[in-house]
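The values are calculated or read from the model by the stated rules, or taken from the named source; none is laboratory data. Everything numeric here is computed off the predicted structure, so don't read it as measured data. So basically every Cβ, Gly included, is an ideal-geometry build from the backbone, and we count neighbours across all protein chains shown. Ligands, DNA and RNA are excluded from the accessible area calculation, which covers all protein heavy atoms including side chains. Shrake-Rupley method; radii C 1.70, N 1.55, O 1.52, S 1.80 Å.
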There are 2 protein chains.
Amino acid sequence: MRPLKLSKAFTLMESGPVVLVTTHDGEKDNIMTISWTMVMDFTPVFAITTGEWNHSFAALRKNRECVIAIPTVDLLDKVVGIGTCSGADTDKFARFKLTAVPARLVRPPLIKECLANIECKVIDIVKKHNIVVLEAVAAYRDTARKETRTVHAVGDGTFIVDGRKIDRKKMMAAKLPPGV
Amino acid sequence: MRPLKLSKAFTLMESGPVVLVTTHDGEKDNIMTISWTMVMDFTPVFAITTGEWNHSFAALRKNRECVIAIPTVDLLDKVVGIGTCSGADTDKFARFKLTAVPARLVRPPLIKECLANIECKVIDIVKKHNIVVLEAVAAYRDTARKETRTVHAVGDGTFIVDGRKIDRKKMMAAKLPPGV
């Protein structure tokens with residue numbers, strides 16, 4: 001995992017991949033799978049929708065920190081598995097054979113097997129809408145990884161794998177934020 | 001465009017495609033390109049991040065309605081073009097040769113050339129975070145269209161096209177919402 005400039009961290013999220021979110025409740029680490037996420041600012045700020053129905057929410061509200069880990073297609077069955085059991089009765093790092101790596105600025109861990117990790121602080125919880133607003137404070141990318149394709153949840157139990165990439169940098173030059 | 005069950009509309013958005021959003025300011029229609037979107041509920045409710053910096057925001061705040069249109073990869077240059085000019089001085093439907101089709105329950109139009117369209121009402125604006133919360137009231141899908149691959153913005157001027165689809169419906173059966 002090599003440090004990634006914070007000004008580039010939003011590019012890990014903007015395409016809408018399914019992500020893993022690690023939390024720490026004061027005693028133990030947990031992981032959840034979510035695809036209800038949104039970039040809100042290049043600084044970067046992210047929103048996720050979660051609430052009482054989710055076991056990780058209590059830890060997120062208490063500790064006010066998390067790590068967004070970006071998995072790739074080779075990890076899909078772990079991602080689906082993590083999303084279909086609960087941290088209330090499962091140690092997900094052990095069950096899914098994932099390696100927790102200490103983060104630098106937050107208590108929840110990075111996930112070593114993922115393509116990228118973003119350390120985040122909770123800066124607000126919009127209770128009315130179950131929106132948690134996160135500010136990234138550090139980001140990392142595994143630059144040695146061969147499989148870099150992320151997956152996108154359709155929501156009906158199917159997933160779309162990243163296909164080919166199209167470059168429109170010239171057309172968009174005037175609109176791109178600095179440092180990307 | 002055939003009507004799509006509202007309980008399936010979130011599946012058009014969950015994978016994180018770049019979308020077009022049409023608005024109407026009382027006089028004319030406009031279109032913006034955004035990828036800062038999030039599913040918030042299966043009912044369905046969506047969030048988008050936008051604000052004063054965006055010409056469409058005034059129309060969205062005034063009329064409190066919009067249509068989310070889902071473009072496919074064959075429309076990418078129109079999508080990028082729409083995102084790099086302003087409705088303040090451009091009739092985007094004319095310039096990008098897109099067909100405005102009257103919606104059923106809202107004033108902004110559907111876009112005929114898109115794969116799907118979702119009519120939405122603004123149900124809240126979270127000013128502090130520039131989040132507009134939308135509730136879908138009708139949805140449509142072009143079932144005759146051959147090209148169905150959507151595109152995902154990375155944010156650096158490149159775009160990822162939908163690749164292959166992976167089915168994990170069995171693994172996720174217990175977690176899928178009804179009607180999907």
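Values as computed for the structure displayed
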| read-out | value |
| --- | --- |
| Pair list, Cβ under 6 Å, 6 or more apart: the range B:165-177 residue closer than 14 Å to A:GLY83 by Cβ and of a type outside the set (S, T, N, Q), other residue modelled with pLDDT of 95 or more and assigned to a helix (DSSP H, G or I) | B:ARG168/A:VAL80; B:MET171/A:VAL80 |
| Selection count, the range A:1-41, where residues are open to solvent by 10 Å² or more (accessible area, probe 1.4 Å), modelled with pLDDT of 95 or more and hydrophobic (A, V, I, L, M, F, W, C) | 6 |
| Residues located in the range A:58-86, provided they are open to solvent by less than 30 Å² (accessible area, probe 1.4 Å) and aliphatic (A, V, I, L, M) | A:ALA59, A:LEU60, A:VAL67, A:ILE68, A:ALA69, A:ILE70, A:VAL73, A:LEU75, A:LEU76, A:VAL79, A:VAL80, A:ILE82 |
| Matching residues, the range B:1-33, being among the polar types (S, T, N, Q) and in contact with a Cys (Cβ under 9 Å, 6 or more places away or on another chain) | B:THR22, B:THR23 |
| Filtered residues of the range B:149-176 (kept if more than 7 Å from every other protein chain (Cβ to nearest Cβ) and of a type in the set (Asp, Glu)) | none |
| Residue within the range B:111-129 that is within 7 Å of chain A (Cβ to nearest Cβ) and either surrounded by 22 or more Cβ atoms within 10 Å (Cβ to Cβ) or in contact with an Asp or Glu (Cβ under 8 Å, 6 or more places away or on another chain) (or both) present | yes |
